[in-house]
Every structure is written in C-alpha cells, then in structure tokens.
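Chemist: Supplied in structure tokens, the structure appears directly below.
The numbers here are math on the coordinates, done by the rules we state, and not lab data. Because the structure is predicted, anything quoted here is derived from the model rather than measured. Heads up, the Cβs are rebuilt from the backbone with ideal geometry, glycines too, and the neighbour counts pull from every protein chain shown.
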Amino acid sequence: MAKLTGIEIYKHLPKTNCGDCNFPTCMAFAMQVAAKKVGLEQCPHVSAEAKAALSEAQAPPMRTVTVGAGERAFKVGGETVLFRHDEKFHHPTAVAIRVKDNSADAEQRIEKISQLQFVRVGQKIGVNAVAVEQTTSNGNKFVTAVKLAAEKSPLALVLISQDSQALKASLEICADRRPLICAATKENFKDLAALAKEFKCPLAVRAATLEELAELVQEIKALGLEDLLLQPEATLTADGLTKLTQLRRLALEKNFRALGYPVMMAVHEENPFIETAQASAFVCKYAGLIVMDGTERWQLLPILTTRQNIFTDPQVPNAVEAKLYKVGEPNSQSPVLVTTNFALTYFTVEGEVENSRVPAYIGVVDTGGLGVLNAYADDKLTAEVIVKTMKNYGIMDQVAHKRLVIPGLVAVLKGEIEDTGGWEVLVGPEEAAGLPAYLKNEWKA
Amino acid sequence: MPVTIPDVKKTWTNTINRVTLGATKEEGGTRTKRVTVGGATSLPFHHFEGAMPHPSVIAMEVWNVAPQDWPAVLAEHFRDVWHDPGLWAKKCVEQYGADLICLRLAGCDPVGQNRGPQEAAQAVKRLLESVGVPLIVWGTGNDDKDNEIFPAVAEAASGENCLLGTITEDNYKTLVALCTAYKHKLIAESPCDVNIAKQVNILATDMGFKPEDIVMYPTSAALGYGLEYVYSVMERARLAALRGDKMLSQPMICDIGIEVWGVKEARASEQELPEWGEQTERGPLWEATTAYVYLLTGADILVLRHPQAVASVREAIKQLMGDGLK
C-alpha cells in the first residue's frame, strides 16, 4: 500500500472550501493530511465512504501496542522516524528478562528482575517485564511459573510458549495483566490468535524471513487482530540489525501495512558483555522490545542508560533541575561554582569536579536548558539572575569564604555580581576540563 | 497469500574515505602492520545495501607518564608496565590484541609534569621500537603546549605514517604543517557540531592538506553524559557524507576511555554505590557499552583502556560484521 498523496485525499473531500477544518481550502487541508500533520476527522463534512476509503492510509505507519496493564503497562511502536535527529523516538525499547519454567530458583530470579529499577539523572529507569519461557513439554510447569511471576512481580508479563493449552491456562490466571503472548508461528497461529482475541492480549508473530512474517501477519489480521509485535528470527547480530532496519524502513518509508508493527528481538547470549552489546545495538536500531537473560545490576544499568540517552527528545534542550548540588561532602570551606542547567554542561562540570576530588557546591542557574554562552547571549545568564539564584539557595551565607566561582566564558559578569551580591567573584576556567587543575591549584578558601 | 516485500535499499552517492595508518619498511617506515579504516558505501553494518570493507578498529591508550587517578579496577592491568610506555604498548598489543596504540602525551600536560618536547619525542621513539602496529599520538589539549611538543614528535616519527591530533578551529596551522612535512595523518577535532567538523576539515585542506588524510574527532561523551548528542552528530555527518559531502567523508575516531573513566559509573566502588553493582564489571562494561553505541553511528577507530572492554568490543565488531567479515 503506497502512501496517499494530497491529490488522492482531495478527491474524497467535499471540495467546498468551507474552511471548517481551519484551512483555507480543501486542497490545503488535503496536503496537511497527506503530510500526517492533521487527521482526516478535522473535516466535519467528510463522508463515511470517504473515511473508509482513506482510513487504511490514514493509520500511522507503525502501530502503537500496549503491553501490560495499570501502572506497569508500557507502549511500544508508533515510531515515525529512522534517525533520532529528525524528530525523536517515541516509545523507549522495553526490556524483558527471561525466567525459564524449569529453573530451580525461579522465585528468586523473578524478585531480582523486579528490583532492576534505577534512578538516573532524576528519572526512573527500569526493566519492564518478566518473560516466562516454557522449556519442557510439561505445560503445568509453565503455568506454575506464570502464576509465580504474576504473584511475585508487579512488572508486565511476556508468555513465551508454543503450547496453546498451557497458554490458555496461563491467560486464565493473568489475562487482566494484558501479557504479551509470544509467539504465533506458521504452525500454531490459529490457536494463538484465538487466545489473543479471547483474552484481549497483544500477540507476537514469529517467522524466519520478512516474507513469511508478512504472510503470517496478513493471515492473523484477517482473523481480526491488530495488536501485534513482529519477531523476526535472527541468529547473528548482523542479521538482527539488518531485519530491524529493513522493517523500520518498510513501515515508515514504504508504508508497508503488513509489517507496520513494533518489532521485538530475542537475545540469546551467555557472555553478559556481549549480551549487552547486542541489546544496546537493538535499542539504538529499532527494537520495540528485547528479551534477554542478564539480571545483574551492573549489566542492566548501561543498557537502560543507553535507552534513556537514545530516546531523549533531541529538540527539547536537555535540562537538569536548577538547584544547589553537592559533589562529595562540601563544608563551609568548600568552593561554590555557578553553572547552567543544560544537562550536558551540568554533567560535564559535575564530572570534572568529581575528578578533582575537591568537594564542592554547584549552584545551577535555570537558563531554560541553554549552555553558558547561549544563555549569556540570550540574557538568561546575567549578573542579576546569578545573584538572585545564589541568594535563593542561601549558600553564600553558609560558606565562610564568601567567594563565588563563575564560568570563565562569562568573566565579564564579575564586577556586577560583586557589586550587587556583595561576594568576591573568582573567574573559573573557560572549559570544564580545566576545573580539576583550577580546584587543586588555584582555588583557596 | 504470497507477499512481495518492497526493496528498501538506498543508493548512496559517495564513499567514506579510506585512511591507511602505519608505514612498512618498503614504504619508508618500520611498522610491521598497517591499519586501514573507512571505505564504507552505506551506514555502519548495513551489509544488505553496501560494503564495509574495513571493520572498525581498536586503539589502546598508553601514556608517557604513570597515571595518578585511574581507579584500581583499571590500573591493576597496567601498573606493572606503566613506568615504561614501550612495555605498556607491548602488553596492549601482545596480550590484549590492540590494532593500534594511542599514545596520549599526558606527561607533557602543563598542569601535571609539564614534560618537554624532547621527552615527548623519546616516548614516541620508545613506542616505535617496542611495537609494530601503527601509532596515534594525542596531545595535551593545551594549544600552546601542543604546538611546542608536536614539532619534535612529528619529526621523531617521520615516515611512520602516524595519526597525530588534534587540530581545532582555533589551533591548526602548526600541526597541519607538521603532518604535511613529515607525512602523517591528522585528527580534526570539533565540539559536537557538524558544521564545525566540516569547517575544521576545510581549514586544514585550505592549507593544502589532503582531505583523504584526515580522521574526524567529533568529540566523545561517555554513556549517560551527553552520548546522544555525539551519536546524532556522528549520524548526521555520516549521512551527509554518504549523500556526497566530501568535507564530511572522513572516517571518525572516538576517544572513549578518557571520557568513561572520568565518570562515576566507572569510578565509584560498590561501597559508594551499592545500587549499581560490582565495579569490576560495571567499569569496563560502561566503557564497552559507550563503544558499542558509537559503532552503530560510524565510529571507525575506538580508543579504549580496559582489556575487558577491548575484548568485548572486538567480539561485538565481529558479530556486527556477520557475513560481511571476509
């Protein structure tokens, strides 16, 4: 299915140029609809036939699917770009950790997985789901493990099994949690699709090639299911990356409906470093969900941080909270540094202060997420703002030396801050990299 | 219902420059091994639509002074050799399989030991006689000091076809002239900005330096410390290059170890941060993960420190090359 052009959409509009859609002409409106800037529903006069004719083409090129229910539910898919600098990636790659149904320490493992939650840069980041996997022909074992996971973990659930009986019994236990059923194949799709429909759960669809995947999806769609995830089989990382890239391009650039769904990747790798390499590659390049085995905190933190970084909106200046930060355990003799709340600036300054091993206060000025020079140019980092901010923090009353270190790039503000703040102002280095040397050699309380 | 999948291959009009480092005896040097990077005709590891004839390579970092502030989980691997850059480099090549050695002239830093040009040149000579792989020599980052030491460094390595850096928008003339005179390749640094990356390349080539002899350094950030900015700058530069921009067609180098081993995720012990797990694994994995991510956005040379990071990044490159690895 090719993407509709403005002209094709225009043919279905009333052609009255009434302006009720807030665009001057039907043609102007059609162009906006084609560009996916507005929805067809913004025209109050469009006929039901026209709607039906256009609805398929109107749907977003990649479906958004919700897995889980309640607080721990997450969305995957709905992506609109190939490169994050073009817009942003919308729904962070969900991470699910496997629990095999024959594992002796299943309960311990489920608890450990559930605790893989962190706070970084003021944001909560964590593992999203427990993936229970059937590994024996004994379906009861699987059902028992699912029951345990549902009881012991608040996380979303992924049910990995080919056994429709065992899946049915599991869904009777946990369908209210809206688990992901994983995965329908050429052999079992009718049974699994029926279960997904009955229990209103999302369904993963697995096949070896993209052709087989598309065929299978069409069959399953014909059965009335839409909340699907694609699971291309990939034995090599290179193969996985290729399939993920092709699927993203097919959905977004070719508007290829049969594959317009989020993609999940199963990582199977014993070495935790290599498992991390694969997982982080799939986070960067287009996986909506990954299933993996690692449960160590030192392993999940970098994967989740990769996700946090890659899914940051590139168009919003990345800002940290403007407040007084402490590095180490500063006292009344410790230096007080001023910087902006642009995250990259702040973290660079914080990192260099840490390197210096000199405990310090960092007074962060709210510059709307701009770096030092941009903020200065934009009048967001002025003597007045700095004095006001530091007075709010009350920090200059707590330190004995009454000295404030400002960024070298705004040395010009020294005099005015001294006059209005009543403190001595020291001009720090122009680059954060100069801070360790400055704090060790030049700073004196 | 048989389905025909539309072709999603793109046609790119340009190739990333090939840069070869190191000169063998026949070429007037003493290297026993040469390293070539670049030559890609599509985005990184997109084997379905283009060639990546030269997989990314790993340079290990060696200093001309014993580091004072490396955390124990890193320092323990080099403490036995770091009094001698030659032994240090030998260990990196023979034991850890480094493709290249990156000599950082930290001992010349005016803030530290402030060693002079002759001492810098001696360290370079010592490395050249100790290992056969090509060399990268990275300055102190202090413009005046770099301009003072690089003449002796470039001369000491004359004919060895090293990669020297860095030049910036504000300081490029000395090093460009030296690399021209002594036939070295050049690292062009820019502060996480595609336009400035291009500008620095233009400044060097305006002096008659060949654009094919430049490797770009778009700065590097550690995972969690602005990595996404660098990631996107690199991705934009690579896309522009493949679409035909000759002044962004240079291979890229990522200086990762120095960034990662400065942040608390790598430095802090589990006593300080029990929530983050064991430092012996966390530190090297933080370094490795930073590298894994940059691989996907076009890193051709990765400068790393920890042996475990080196080994796993090498395996990651192999896996990403897949069938493309010939």
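Chemist: Within the P(r) computed for the protein assembly as shown, what percentage of the Cα pairs occupies the region above 45 Å?
Modeler: For the protein assembly as shown, the share of Cα pairs beyond 45 Å comes to 31 percent.
Chemist: Among all lysine pairs in segment B:1-159 that are eight or more places apart or on different chains, how many have alpha carbons less than 18 angstrom apart? Don't skip to the end; give the middle numbers.
Modeler: On the way: B:25/B:33; B:25/B:125; B:33/B:90; B:33/B:91; B:33/B:125; B:90/B:125; B:91/B:125.
Lysine pair count for segment B:1-159: 7.
Chemist: Next question, about the same structure. Which value in nm describes the separation of the simple spin-label points at residue B:280 and residue B:51, placed 7 Å from the Cα toward the beta carbon?
Modeler: Simple spin-label model gives 4.6 nm for this pair.
Chemist: Right, another one. Across peptide A:235-244, how many C-beta atoms of other chains are within 10 Å of each residue C-beta, on average?
Modeler: Values: counts 1, 5, 8, 12, 5, 3, 9, 8, 1, 0.
Taking the mean over all residues of the peptide, I get 5.
Chemist: Using square roots of five times the C-alpha gyration tensor eigenvalues, list the equivalent-ellipsoid semi-axes of chain A in whole Å, biggest first.
Modeler: On the way: eigenvalues 483, 215, 58 Å².
Semi-axes from the Cα gyration tensor: 49, 33, 17 Å.
Chemist: For segment A:6-58, what is the convex hull volume of the alpha-carbon atoms per residue, in Å³? Walk me through the numbers before you get to the answer.
Modeler: Numbers: hull volume 3.3 nm³, N = 53.
Cα convex hull per residue, to the nearest whole number: 62 Å³.
Chemist: Ok, one more. Using DSSP, restrict attention to beta bridges with both residues in segment A:324-442 and report what percent are antiparallel, rounded to the nearest 5.
Modeler: Values: 4 of 14 bridges.
Bridges in segment A:324-442 are about 30 percent antiparallel.
Chemist: Using r as the Cβ-Cβ distance of residue A:442 and residue B:171, and R0 as 30 Å, what FRET efficiency do you calculate, to the nearest 0.05?
Modeler: Working: r = 23 Å, r/R0 = 0.77.
Computed FRET efficiency for residue A:442 and residue B:171 comes out at 0.85.
Chemist: Pulled fully out, how much extra length does the chain show between residue A:69 and residue A:333, if you take 0.36 nm times their separation in residues and subtract their Cα-Cα distance? Intermediate values should be presented prior to the final figure.
Modeler: Details: separation 264, 0.36 × 264 = 95.04 nm, distance 5.18 nm.
Separation in residues times 0.36 nm, less the Cα-Cα distance, equals 89.9 nm.
Chemist: I would also like to ask the following. With the crude spin-label approximation of a point 7 Å out along Cα→Cβ, what separation in nm comes out for residue B:125 versus residue B:11?
Modeler: Those two pseudo-labels are separated by 5.6 nm.
Chemist: If we count every other residue with Cβ under 14 angstrom of residue B:207's Cβ, Lys/Arg +1 and Asp/Glu -1, where does the sum land? Present the calculation step by step, with values, prior to reporting the outcome.
Modeler: Working: positive: B:173, B:210; negative: B:169, B:206, B:213.
Taking every Cβ under 14 Å from that of residue B:207, the sum is -1.
Chemist: Find the relative contact order for segment A:64-310 and round it to a whole percent, using C-alpha pairs within less than 8 Å whose residues are 6+ positions apart. Walk me through the intermediate numbers first.
Modeler: Values: 485 pairs, mean separation 51.1, N = 247.
Across segment A:64-310, relative contact order equals 21 percent.
Chemist: Excluding residue A:297 itself, calculate the net charge of residues whose Cβ lies under 13 Å from the Cβ of residue A:297, where each Lys or Arg counts +1 and each Asp or Glu counts -1.
Modeler: On the way: positive: A:112, A:120, B:282; negative: A:296, B:265, B:270, B:275, B:278, B:281.
Taking every other residue near residue A:297 into account, the sum is -3.
Chemist: Using the structure shown, list the pairs from A:147/B:264; A:11/A:37; A:88/A:254; A:88/A:380 with a Cα-Cα distance above 29 Å, or answer none. Please report the intermediate quantities before stating the final value.
Modeler: Details: A:147/B:264 39 Å; A:11/A:37 18 Å; A:88/A:254 20 Å; A:88/A:380 26 Å.
Those over the limit are A:147/B:264.
Chemist: For chain B, just say rounded, prolate or oblate: build the C-alpha gyration tensor, square-root its eigenvalues into a ≥ b ≥ c, call rounded for a/c under 1.5, and beyond that prolate if a/b exceeds b/c, oblate if not.
Modeler: Verdict is oblate for chain B.
Chemist: Between residue A:35 and residue A:326, what length in nm is gained on full extension when 0.36 nm per residue of separation is reduced by their alpha carbon distance? Provide the component values of the computation, followed by the final result.
Modeler: Values: separation 291, 0.36 × 291 = 104.76 nm, distance 4.80 nm.
Additional length available on full extension: 100.0 nm.
Chemist: Cβ under 13 Å from residue B:255's Cβ, residue B:255 left aside: what net charge do those residues give with Lys, Arg +1 and Asp, Glu -1?
Modeler: Summing Lys/Arg as +1 and Asp/Glu as -1 gives -3.
Chemist: Could you order the peptides A:239-245, B:263-269, A:42-48 from most to least packed, using the average number of other C-beta atoms within 10 Å per residue? Don't skip to the end; give the middle numbers.
Modeler: Numbers: A:239-245: 22.7, B:263-269: 21.1, A:42-48: 14.1.
Put in order of decreasing packing, that is A:239-245, B:263-269, A:42-48.
Chemist: Additional query: Please compute the average number of Cβ atoms from other chains found within 10 Å of each residue's Cβ in peptide A:267-280.
Modeler: Numbers: counts 0, 0, 1, 0, 3, 3, 13, 8, 1, 6, 14, 4, 2, 10.
The mean count of partner-chain Cβ atoms within 10 Å per residue comes to 5.
Chemist: I would also like to ask the following. If the only charges are +1 at each Lys and Arg Cβ and -1 at each Asp and Glu Cβ, what is the size of the charge dipole of chain A around the Cα centre, to the nearest 20 debye?
Modeler: My answer is approximately 540 debye.
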